[in-house]
Amino acid sequence: MRGDCKLQVARGAGARGFAPALQGVFGASILLLILVMLSACQPVAPGAATPTPLVLASHNSFSISEEVLTAFEAEHNATVQVLTLGDAGEALNKIILSKDAPLADLFFGVDNTFLSRALAADIFEPYTSPLLEQIPDELEMDPEHRLSPVDYGFVNLNADSEWFEAAGIPLPQTLEELADPTYRGLLVVQNPATSSPGLAFLLATIDYFGEDGYLDFWRSLKANDVLVTDGWSDAYFSHFTVGSGGEGDRPLVVSYSTSPPADVVYATDGRTEPASVNIFPPGSAFRQIEFVGVLKGAAQPELARRFIDFMLDVQFQSDIPLQMFVYPANPNAALPDLFVQFAQTPADPVIFDPTAIEANRERWVQAWVELMTE
Amino acid sequence: MRRTLLALLYALPILFLLVFYVYPLLAILRVSFSVPAPEVVSQTLEMAASPSFWRVLWFTTWQATLSTVLTVLVGLPLAAIFARFDFPGKGIMAALLTIPFVMPTVVVAPAFLALIGRNGVLNTWLQASFGLTAPPLQLEQTIGLILLVHVFYNVAIVIRTVGGFWSNLSPSLGEAAAALGARPWQIFHTVTLPLLAPSILAASLLVFLFCFTSFGVVLILGGLRFATIEVEIYRQAVSYFNLPLAAFLSIVQLGVTFTVMVIYTRMQAGLSRSLRRRRRSQPRRPADLRQWLLVGGALCVTALGVLAPLAALVVRSFTLGDPGLTLIYYQALGQNLRQSAFFAPPVAAIGNSLLYAAATLAISLPLGVIAAYMLAQPRSRWAAVLDPLLLLPLGTSAVTLGFGYIVAMGPLRASPWLVPIAHSLIALPFVVRSFLPALRALDQRLRDAASMLGATPLRRWWTIDAPLLVRALLISAAFAFAISLGEFGATLLIARPDRPTMPMVIYQALSRPGLINYGQALAMSTILMAVTAFSLILIERFRLPGEEEF
């Protein structure tokens with residue numbers, strides 16, 4: 001029957017006779033689609049009360065322990081769907097663009113370099129979590145509590161201590177020394193136009209050398225054969241001697257103060273001490289803070305607020321260090337031994353005004369790019 | 001009724017493109033230009049007047065042109081070898097040459113540097129054998145490296161589309177020319193090349209569009225000095241959130257794409273010739289030592305150029321940070337080291353990737369075939385609209401379209417279905433471009449003869465058209481599959497970390513420090529290569545029953 005029908009249509013298509021081909025392909029593809037659809041469908045779990053769905057949007061680096069997430073879901077009879085939207089900048093922009101029809105109930109991952117953009121876009125609902133009392137005041141940057149601090153970290157220089165020991169060269173003590181011939185061709189940094197640690201380090205040098213002086217410093221770094229990569233991964237894994245497992249030839253890298261413990265956690269040779277160490281020449285470390293907020297128009301605002309409480313509470317906060325390799329904002333959280341031992345914090349980090357960053361980012365970065373490519 | 005049915009069928013690809021390409025694109029452009037007009041105009045004028053804008057536009061265009069020429073020059077001889085000769089391991093070789101297509105730049109870049117970087121294998125060897133003090137090859141962050149890697153990535157497009165078409169050429173014309181005393185190069189120049197021209201042009205167009213919108217290669221290997229329009233769009237849209245400027249640049253990019261396509265269509269129009277399929281040239285073993293040397297030599301050079309970087313990557317996945325062989329990175333892939341809620345064992349990631357790739361095939365093949373049939377009709381009303389529309393997605397900035405999805409796609413934004421749909425947008429031009437030349441080459445006289453002899457249209461299609469078309473369809477299937485397997489998608493789409501694909505696992509591993517993470521990225525890249533090669537070999541194996549008769 002079906003075959004007859006096919007033939008008729010085919011004849012009807014005229015002398016060209018393309019139709020049977022199309023129908024065959026079409027039928028086969030519908031079959032394939034149905035198959036794919038069937039396999040994509042997941043059975044609905046039978047349960048007494050249907051759990052409330054909560055959607056958390058974040059950047060690609062968001063991570064959480066299974067156990068911790070399940071604890072929240074069980075306590076609030078909720079299912080948490082996490083969506084990742086690209087790197088920190090991309091993710092925030094997508095959230096801003098979806099303002100009229102929010103993608104999620106809450107967004108985690110606004111850092112202080114994007115804070116003013118996020119607040120100006122008017123996308124967050126104020127919420128003063130009772131847990132904020134436990135968080136140090138210096139981490140709170142929005143008096144209206146649209147954004148609450150969850151974690152912080154430092155962008156700073158990492159050095160390959162074994163390399164420097166073997167070469168008999170002392171670790172650099174000041175930023176100016178990096179322009180010294182002793183350190184020629186040793187440093188790899190990231191492009192501030194495309195990389196968040198790259199921007200952080202540039203901002204640190206602007207703070208330290210001033211708006212009139214930072215370009216001169218970078219000119220001297222350029223003369224001293226600094227290597228600029230597009231992002232952190234390429235700098236760390238392709239060029240940094242420690243990160244690349246010995247293939248790279250740059251023993252100094254712009255990274256994070258929490259990279260050395262990762263070097264131990266993710267070691268392959270059973271080492272108990274990292275090969276990379278933090279160095280903090282004055283004015284070289286930049287403090288990054290990451291914030292979370294309830295999105296305006298959230299489908300589940302109440303549950304979103306509970307999730308923020310949960311994120312600021314000790315269980316989630318203690319999970320942060322080894323999941324995302326940053327420091328928990330809540331000082332009551334337990335720090336793993338490795339962090340205590342190897343993830344030192346700089347005594348006097350650069351703390352930059354977010355408004356100044358948003359206002360000048362393009363101008364500063366553009367001037368830097370022009371200098372480095374001239 | 002029949003006409004309506006056919007019209008409905010023909011409307012499908014257009015509808016697909018309108019809903020999943022034109023609509024989101026227009027939506028994001030509208031949002032971008034919703035700022036007060038004077039501001040937009042002055043900003044746009046300022047940018048259009050700045051020398052850096054013209055520098056970027058010029059660089060993007062000439063590097064893409066040069067990359068395309070080089071890719072065709074490298075690909076053509078290989079296409080000839082694949083079309084004309086049969087040799088051991090041919091299918092595997094063809095699959096291997098397509099692997100670069102799916103590899104993330106971020107893992108390919110170090111592999112290249114390990115070979116030809118300052119301290120790479122080649123430089124070390126040259127220095128040692130010629131007693132040089134400085135490394136003779138200084139390719140890092142140069143245009144030379146960008147071009148080289150563009151050839152590496154895209155040569156498969158030429159080998160597959162031209163080679164597939166070439167193998168359908170009947171040898172009779174060439175043999176006739178030879179009998180009349182033409183020399184081999186004369187035959188190539190006056191007979192083979194004109195016949196191949198449509199497929200060479202189609203392959204060049206695809207390569208050009210890929211290089212024109214090059215992002216990762218230019219960013220990672222080019223350093224600061226080089227920026228394509230795509231890179232500039234990313235900076236404006238993401239770093240500075242300057243949507244009007246990003247939109248302006250996207251339109252410029254589309255404008256160039258459109259111009260190139262118009263030129264292409266003009267050139268293409270006069271080139272098609274129908275091929276009589278009296279018999280197909282059967283690939284044969286090289287006849288004598290000279291031919292063996294030729295084939296062997298060409299394959300060795302290719303192996304060095306394309307396979308060496310991939311091999312370097314595989315080797316590193318077994319030896320990273322360890323003097324001997326180690327499997328720890330593969331073992332680590334199967335362990336949830338951080339007790340992460342988003343952990344997926346490699347099997348799950350492979351499964352997710354294959355599922356998306358299968359769905360991409362299911363969407364892009366039928367739509368592409370319908371579109372190709374439409375375009376192949378003489379005086380088709382639809383062709384004028386459909387032809388450029390099909391190719392524009394390749395010339396569209398991923399960031400822009402991704403933002404467009406956010407603005408326009410409503411509840412579908414976070415749906416896993418958007419993944420194969422977006423992949424299909426990129427795969428569709430491949431399906432159409434490799435299917436269309438084969439379709440146009442069908443010999444109408446043969447089909448008329450079949451009809452006169454009483455063959456039903458279906459039978460006629462099955463015995464005359466299908467064998468010729470199936471090869472082309474398989475080639476496009478391979479591309480559609482590979483495109484989907486390799487697409488990272490976070491820029492374009494919303495990712496669900498609880499359902500990671502292979503490329504997502506690679507990027508996840510590369511986002512935190514530690515040798516295990518780097519090793520896992522390399523190990524997953526190796527698995528991605530293996531899965532790709534295996535799938536492509538399977539696709540290539542597919543034959544119509546009775547096809548061997550030809």
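The values are calculated or read from the model by the stated rules, or taken from the named source; none is laboratory data. Being a predicted model, the structure only gives us computed values, none of them experimental. Cβ sites come from the backbone with ideal geometry, for glycine too, and all protein chains shown count toward neighbours.
If you take the residues in the range A:82-117 that are aliphatic (A, V, I, L, M) and touching a residue at least 40 places away in the same chain (Cβ under 8 Å), which one is surrounded by the fewest Cβ atoms within 10 Å (Cβ to Cβ)? Break it down into steps so the answer makes sense when it comes.
Within the range A:82-117, the first condition is being aliphatic (A, V, I, L, M), and the residues that meet it are A:82-83, A:85, A:88, A:91-92, A:95-97, A:101, A:103-104, A:106, A:110, A:115.
Now restrict to residues that are touching a residue at least 40 places away in the same chain (Cβ under 8 Å): A:88, A:95, A:101, A:103-104, A:106, A:110, A:115.
On the way: A:Ala88: 21, A:Ile95: 25, A:Ala101: 14, A:Leu103: 20, A:Ala104: 25, A:Leu106: 26, A:Val110: 30, A:Leu115: 21.
Only one residue tops the list, namely A:Ala101.
Just name the residue that is nearest to the chain's Cα centre (by Cα) out of those in the range B:333-358 that are facing another protein chain (nearest Cβ under 9 Å) and among the aliphatic types (A, V, I, L, M).
B:Ala358
Being within 30 Å of B:Ala398 (Cα to Cα), part of a helix (DSSP H, G or I) and of a type in the set (Phe, Trp, Tyr) is the filter; apply it to the range B:177-235 and report the residue that is nearest to the other protein chains (Cβ to nearest Cβ).
Ranking the candidates gives B:Tyr234 first.
Find the residue count for the range B:27-52, including only residues that are closer than 22 Å to A:Asn93 by Cβ, surrounded by 12 or more Cβ atoms within 10 Å (Cβ to Cβ) and either free of Cβ contacts under 8 Å to residues at least 60 places away in the same chain or among the basic types (Lys, Arg) (or both).
1
Quick check on my filter: what residues within the range A:199-239 are among the aromatic types (Phe, Trp, Tyr) and at pLDDT 95 or above?
Initial filter on the range A:199-239 (among the aromatic types (Phe, Trp, Tyr)): A:201, A:208-209, A:214, A:217-218, A:232, A:236-237.
Across the range A:199-239, the qualifying residues are A:Phe201, A:Tyr208, A:Phe209, A:Tyr214, A:Phe217, A:Trp218.
Can you name every residue in the range A:66-122 that is within 10 Å of chain B (Cβ to nearest Cβ), acidic (Asp, Glu), more than 20 Å from A:Gly198 (Cα to Cα) and not in a helix (DSSP H, G or I)?
A:Asp100
Report whether or not A:Ala275 is closer than 23 Å to A:Ser63 by Cβ and of a type in the set (Gly, Ala, Ser).
No.
Here are some residues: B:Ser353, B:Ser340. Which one is surrounded by 22 or more Cβ atoms within 10 Å (Cβ to Cβ), among the polar types (S, T, N, Q) and farther than 30 Å from B:Pro77 by Cα? Outline the logic, then answer.
On the way: B:Ser340 fails: surrounded by 22 or more Cβ atoms within 10 Å (Cβ to Cβ).
Only one candidate qualifies: B:Ser353.
Look at the range A:248-264 and say how many of its residues are surrounded by fewer than 21 Cβ atoms within 10 Å (Cβ to Cβ) and within 7 Å of chain B (Cβ to nearest Cβ).
First pass over the range A:248-264, keeping only residues surrounded by fewer than 21 Cβ atoms within 10 Å (Cβ to Cβ): A:249, A:264.
Filter once more, so that each one left must be within 7 Å of chain B (Cβ to nearest Cβ): A:249.
Counting residues in the range A:248-264 that are surrounded by fewer than 21 Cβ atoms within 10 Å (Cβ to Cβ) and within 7 Å of chain B (Cβ to nearest Cβ) gives 1.
Can you tell me which residue is nearest to the other protein chains (Cβ to nearest Cβ) among those in the range B:471-524 that are in a loop (DSSP other than H, G, I, E, B), of a type outside the set (A, V, I, L, M, F, W, C) and surrounded by 24 or more Cβ atoms within 10 Å (Cβ to Cβ)? Explain how you work it out, then say what you get.
Taking the range B:471-524 as the starting set, the residues that turn out to be in a loop (DSSP other than H, G, I, E, B) are B:487-494, B:496-501, B:510-514.
After this cut, where a residue has to be of a type outside the set (A, V, I, L, M, F, W, C) as well, the list is B:487, B:489, B:491, B:496-501, B:511-514.
Next, from what is left, pick out any that are surrounded by 24 or more Cβ atoms within 10 Å (Cβ to Cβ): B:487, B:501, B:512-514.
Details: B:Glu487: 14, B:Thr501: 12, B:Arg512: 6, B:Pro513: 4, B:Gly514: 2 Å.
Here the answer is B:Gly514.
Look through A:Val9, A:Val36 and report the one residue that is outside the structural domain of A:Gln300 (by TED's automatic domain parsing), modelled with pLDDT under 85 and over 27 Å from A:Gln315 (Cβ atoms). Write out each step before concluding.
On the way: A:Val36 fails: outside the structural domain of A:Gln300 (by TED's automatic domain parsing).
One residue alone meets the criteria, A:Val9.
Given the conditions (1) outside any helix (DSSP H, G or I); (2) without any contact (Cβ under 8 Å) to a residue 60 or more places away in the chain, report the number of the one that A:Glu165 does not fulfil.
Evaluating A:Glu165 over (1) outside any helix (DSSP H, G or I); (2) without any contact (Cβ under 8 Å) to a residue 60 or more places away in the chain leaves (1) as the failure.
Across the range B:141-161, what is the total count of residues that are over 10 Å from the mean Cα position of the chain (by Cα) and part of a helix (DSSP H, G or I)?
The initial filter retains those residues of the range B:141-161 that are over 10 Å from the mean Cα position of the chain (by Cα), namely B:141-152, B:159-161.
Cutting the leftovers down to part of a helix (DSSP H, G or I) gives us B:143-152, B:159-161.
So the count comes out to 13.
Starting from residues that are within 12 Å of another protein chain (Cβ to nearest Cβ), within 16 Å of B:Leu392 (Cβ to Cβ) and under 24 Å from the mean Cα position of the chain (by Cα), keep the ones in the range B:1-35 and report whichever is modelled with the lowest pLDDT.
Going through the qualifying residues, I end up with B:Pro13.
Scan the range A:171-212 residue by residue and report those that are acidic (Asp, Glu) and in a helix (DSSP H, G or I).
Result: A:Glu176, A:Glu177, A:Asp207.
Filter the range B:93-114 for residues that are modelled with pLDDT under 85 and not hydrophobic (A, V, I, L, M, F, W, C) and give the result.
B:Pro104, B:Thr105, B:Pro110
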